[in-house]
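Asks: Below: one structure in C-alpha cells.
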C-alpha cells in the first residue's frame, strides 16, 4: 500500500481539480467525478487498488450523512415528514420491487431475491449528489426540502432491503415476520441509539474543558461514534447518524461557541 501513496496523492489532486472545474462550468461535481473516474479507469497500467467494502461504509458514509443532516432545516424536515418518509421508505421499496420484477422477467436465471439485491443498490439517490445538484437547479424551497430530507433517509431503507435480500439469496428462503421484526428493530433502535449517543457527545462538549480545535475534532469523531454504536447493536447506523446529527444541530447553540461553529463549518 505504501508504494501506491504517490498514486493516491495524484488521485486527490485530480479530484480537487475536477471539483474546481465543475464549479467553473456550473456542473454538479459528483457527475464530473464519475466521468473523470471512468476515464481514469481506462488508462492501462494503473495500480490495482483493493478496498474492503465494509471500510467504504465505515469511512465515508457516516461523515457524509452527518454533514448533510447537520445543514438541513429541522423545521422543514418536520413540516414535510410524511412525504419525506413515504419517499424514503415506500418509494424506495417499490423501486426495488420494480427492479426485481423486471430483472426476473428479462434476465434468465435472475431470481426475485437477486432482483431485490440489485434494486436495493440502485434505488436510492445520494444525499451529497442531491445537495450538489440543487445548487444549480432552481426549484421551490418545498421541493428542495423534501428532496434533501428524503435523500438522508433513503440510504437506510435501501441498505435494509439489501441486507434482507442478501440473506434470502444466501439461505434460499425469506421469513416475512422475522424480516418485519428486524426492520422494526433497525429503525427504532437506530434512531434511539443516535439520540443517546448524540446526548452523550453534547455532554462531552459541555462539561469537558474543550477549545475550538477540540470541538472540531469531536465533531469529526461524532458520526463514527454514532455509526459504530448503532452497528454494534445490529440497528441502522445510517438512521442513527441522521438522528444524532439532527439532534446536535438543533442544540448546537447550547454547547458550541460561535468560534467553534464558524471554524467547524469551514473544516467540514
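The values are calculated or read from the model by the stated rules, or taken from the named source; none is laboratory data. Keep in mind the model is a prediction, meaning the values are calculated, not measured. Note: ideal-geometry Cβ built from the backbone for every residue, glycine included; neighbour counts use all protein chains shown.
Asks: Residue 121 - would you say it is within 30 Å of residue 268 (Cβ to Cβ) and modelled with pLDDT of 75 or more? Explain how you work it out, then say what you get.
Replies: Details: within 30 Å of residue 268 (Cβ to Cβ): yes; modelled with pLDDT of 75 or more: yes.
Answer is yes for this residue.
Asks: Related question: Residue 19 - would you say it is part of a loop (DSSP other than H, G, I, E, B) and either in contact with a strand residue (DSSP E or B) (Cβ under 9 Å, 6 or more places away or on another chain) or on the phi < 0 side of the Ramachandran plot (or both)?
Replies: no
Asks: Still on this model: Just checking: which of the helices (runs of 4 or more DSSP H) contained wholly in the range 154-268 hold 3 or more residues that are modelled with pLDDT under 90 and under 30 Å from residue 86 (Cα atoms)?
Replies: Per the criteria, 176-207, 237-250.
Asks: Determine if the range 34-47 includes at least one residue that is part of a helix (DSSP H, G or I), loosely packed, with under 15 Cβ neighbours inside 10 Å and touching a residue at least 12 places away in the same chain (Cβ under 8 Å). Can you show your working first?
Replies: Looking only at the range 34-47, we keep the residues that are part of a helix (DSSP H, G or I), and these are 34-41.
Still in the list and also loosely packed, with under 15 Cβ neighbours inside 10 Å: 34-35, 37-41.
Next, from what is left, pick out any that are touching a residue at least 12 places away in the same chain (Cβ under 8 Å): 40.
Looking for residues that are part of a helix (DSSP H, G or I), loosely packed, with under 15 Cβ neighbours inside 10 Å and touching a residue at least 12 places away in the same chain (Cβ under 8 Å), one finds at least one in the range 34-47, hence yes.
Asks: Is it true that residue 184 is assigned by TED's automatic domain parsing to the domain that holds residue 117 and over 20 Å from residue 66 (Cα atoms)?
Replies: Values: assigned by TED's automatic domain parsing to the domain that holds residue 117: yes; over 20 Å from residue 66 (Cα atoms): yes.
So residue 184 fits the description; yes.
Asks: Does any residue of the range 33-41 turn out to be touching a helix residue (DSSP H, G or I) at 6+ places or on another chain (Cβ under 6 Å), at pLDDT 85 or above and on the phi < 0 side of the Ramachandran plot? Please lay out each step first, then the result.
Replies: Taking the range 33-41 first, the residues touching a helix residue (DSSP H, G or I) at 6+ places or on another chain (Cβ under 6 Å) are 33, 36.
Keeping just the survivors that are at pLDDT 85 or above gives 33, 36.
Keeping just the survivors that are on the phi < 0 side of the Ramachandran plot gives 33, 36.
Among the residues of the range 33-41, at least one is touching a helix residue (DSSP H, G or I) at 6+ places or on another chain (Cβ under 6 Å), at pLDDT 85 or above and on the phi < 0 side of the Ramachandran plot, which makes the answer yes.
Asks: Okay, next question. Looking at 31, 15, which is the one that is within 26 Å of residue 146 (Cβ to Cβ) and surrounded by 13 or more Cβ atoms within 10 Å (Cβ to Cβ)?
Replies: The unique qualifying residue is 31.
Asks: Working carefully through the options 89, 60, 94, find the one that is under 17 Å from residue 242 (Cβ atoms) and free of Cβ contacts under 8 Å to residues at least 12 places away in the same chain.
Replies: Exactly one residue qualifies, and that residue is 60.
Asks: Read through the list (1) assigned to a helix (DSSP H, G or I); (2) in the same structural domain as residue 145 (by TED's automatic domain parsing); (3) modelled with pLDDT of 80 or more; (4) surrounded by 14 or more Cβ atoms within 10 Å (Cβ to Cβ), then give the number of the only condition that residue 132 fails.
Replies: All conditions are met except number (3).
Asks: Given the options 23, 67, name the one that is out of contact with any helix residue (DSSP H, G or I) (no Cβ under 6 Å at 6 or more places or on another chain), at pLDDT 80 or above and assigned by TED's automatic domain parsing to the domain that holds residue 243.
Replies: None of the others qualify; the one that does is 67.
Asks: Condition (residue is surrounded by fewer than 14 Cβ atoms within 10 Å (Cβ to Cβ) and in contact (Cβ under 8 Å) with a residue 12 or more places away in the chain) applied to the range 229-239: is it met by at least one residue?
Replies: Taking the range 229-239 and keeping what is surrounded by fewer than 14 Cβ atoms within 10 Å (Cβ to Cβ), we get 232, 234.
Right, trim to in contact (Cβ under 8 Å) with a residue 12 or more places away in the chain and you get 234.
Yes: one or more hits.
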